[in-house]
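The structure under discussion appears below in the form of structure tokens.
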Amino acid sequence: MNKLTITNLSKTYPNGVKALDDVTIEIENGIFGLLGPNGAGKSSLMRTLATLQEADSGSASLGDIDIINQPSELRKVLGYLPQEFGVYPRITAKQLLDHMAILKGIVKASERKEVVNYLLDKVNLFDKRNKSVKSFSGGMKQRVGIAQALIGEPKLIIVDEPTAGLDPGERNRFYNLLADVGKEVVVILSTHIVDDVRELCTKMAIMNFGRIVYQGSPQSAIEELDGRVYRKLVEREELEMYANKYDIISNKMSGGKPLIHILKESNPGDGFELVTPNLEDVFFSKINTTNILV
């Protein structure tokens, strides 16, 4: 079994932003969700693990591969779908995957053809293999992205914000595809979308300001909040008053009014009702935000 071990990883950029602050995580086979708001440091961690940037201190290993000191060895077993998956303007899906297979070291043409056709079929794009990737929808481009990440039978697959901008149908197709490939390898799903983690992951971590603020199972995190989350529909002009009085973990619009969720050890009265907590409540309680959910 592969095991990804990250220990005390830190990274500060020249502008003084501390993107990674003593990050320690251990990840085994399966889909691991890395959840956090934009700017939390998720992409910095993914780029470091993908050997696209160096950490200032700390260590990371995949099995017996030292990621920091053996980047070329890690790249041989890495599948990576970055947040922005760029493509050549006029290249077809078939040509793109063939090119990526050459870069992955598959030099024999017949072997490349077999791999490319297999992957195009796996992501349900075989009938579009001769179409320009530039003309694809967002979901189709993401499926091409996953196909190229699967070339070479990787042991570590990193997908960074893979469902941002996808419609619900495309998102569900992507979930099914990722669940299918994530059985035998380490898959890290980095996202700010709570649904991604809820649908796919049995293990997760929440990241904020470069630090890991929670790691464990989504279900355990939800159970920790059981009996402590209350909600109330309030007027917009009352928000500040409630924020001063209670520990608001989130608010979202419902019928034109803010629906606030608060964290309280006992019933606050005041018109609040106890609710069954969900992963959104976990997320916002851990990062301590009052942003409106969208």
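Things to note:
- Karplus-derived HN-Hα couplings along the stretch 194-199 (A = 6.51, B = -1.76, C = 1.60, θ = phi - 60°), whole Hz, x at Gly and Pro: 4, 4, 4, 6, 4, 6
- Note on the stretch 134-223: percent of Cα-Cα distances in each 5 Å bin, starting at 0 and stopping at the bin with the largest distance, equals 3, 12, 24, 24, 18, 13, 5, 1, 0.
- Modelled this way, with points 7 Å down the Cα-to-C-beta line, the labels at Ala109 and Leu239 are 6.3 nm from one another.
- Additional length obtainable on full extension of the chain from Glu223 to Asn172, 0.36 nm per residue less Cα span: 15.8 nm
- Across Lys94/Lys155; Lys122/Lys203; Lys113/Lys155; Lys42/Lys108; Lys11/Lys264, pairs whose alpha-carbon gap is larger than 30 Å: Lys42/Lys108; Lys11/Lys264
- Relative contact order (percent, whole number), the stretch 104-223, Cα cutoff 8 Å, 6+ residue spacing: 19
- If a spin label sat at a point 7 angstrom from the Cα of Thr202 along the line to its beta carbon, the backbone N atoms of the stretch 154-195 nearer than 14 Å would be those of 179-180, 182-187.
- In this structure, Glu153 and Phe126 have a Cβ-Cβ separation that, at R0 = 25 Å, corresponds to a calculated FRET efficiency of about 0.80.
- Computed Kirkwood radius, in angstrom, where 1/r is averaged over Cα pairs of the stretch 1-45: 11.8
- Cβ crowding within 10 Å averaged over residues, with 219-225, 203-209 ranked highest first: 203-209, 219-225
- Backbone N under 17 Å from the Asp195 label point (7 Å along Cα→Cβ), restricted to the stretch 159-187: 161-179
- Apportionment of accessible area to carbon and sulfur, the stretch 193-294, percent (1.4 Å): 44
- Carbon/sulfur fraction of accessible area - the stretch 41-158, other protein chains in place, 1.4 Å, %: 48
- For the chain, the spread of Cα positions along the three principal axes, ordered from largest to smallest, is 71, 43, 37 Å.
- Cα convex hull volume per residue for the stretch 176-259 (Å³): 143
- Protein heavy-atom accessible surface, 1.4 Å probe, per residue over the chain: 50 Å².
- Helix 168-181 axis, angle to the chain major axis (alpha carbon atoms, nearest 10°): 60
- Taken one residue at a time, the phi angles of the stretch 59-76 give Karplus couplings (6.51, -1.76, 1.60, θ = phi - 60°) of 9, 8, 9, 10, x, 9, 8, 7, 4, 5, 9, 10, x, 5, 6, 5, 4, 5 Hz. Gly and Pro are set to x.
- Calculated FRET efficiency, Gln70 to Glu184, Cβ-Cβ distance, R0 = 22 Å: about 0.50 to the nearest 0.05.
- Under Karplus coefficients 6.51, -1.76 and 1.60, residue-wise ³J(HN,Hα) of the stretch 250-259 in Hz, glycine/proline x: 6, 9, 9, 6, 9, x, x, 10, x, 9
- Within the listed set Glu235, Glu170, Glu28, the Gaussian network model of the chain (springs between alpha-carbon atoms below 10 Å) gives the highest mean-square fluctuation for Glu235.
- Gyration tensor (alpha-carbon) shape descriptor, the stretch 1-160, a/c threshold 1.5: prolate
- Over the stretch 39-98, Cα pairs under 8 Å with separation of 6+ residues give a relative contact order of 21 percent.
- For Ser137, the shell of other residues with beta-carbons less than 15 Å away shows a net charge of +4, using +1 for Lys and Arg and -1 for Asp and Glu.
- The chain - percent relative contact order, Cα under 8 Å, separation 6 or more: 21
- Cα-centred dipole magnitude for the chain, charges only on beta-carbon of K, R (+1) and D, E (-1), debye, nearest 20: 1260
- Comparing Arg231, Arg143, Arg198 in a Gaussian network model of the chain, where Cα atoms under 10 Å apart are tied by springs, the biggest mean-square fluctuation is seen for Arg231.
The values are calculated or read from the model by the stated rules, or taken from the named source; none is laboratory data. Predicted model only: the values in this text are computed from it and were never measured. Heads up, the Cβs are rebuilt from the backbone with ideal geometry, glycines too, and the neighbour counts pull from every protein chain shown. Note: accessible area is taken over every heavy atom of the protein model, side chains too, but ligands, DNA and RNA are not part of it. Shrake-Rupley method; radii C 1.70, N 1.55, O 1.52, S 1.80 Å.
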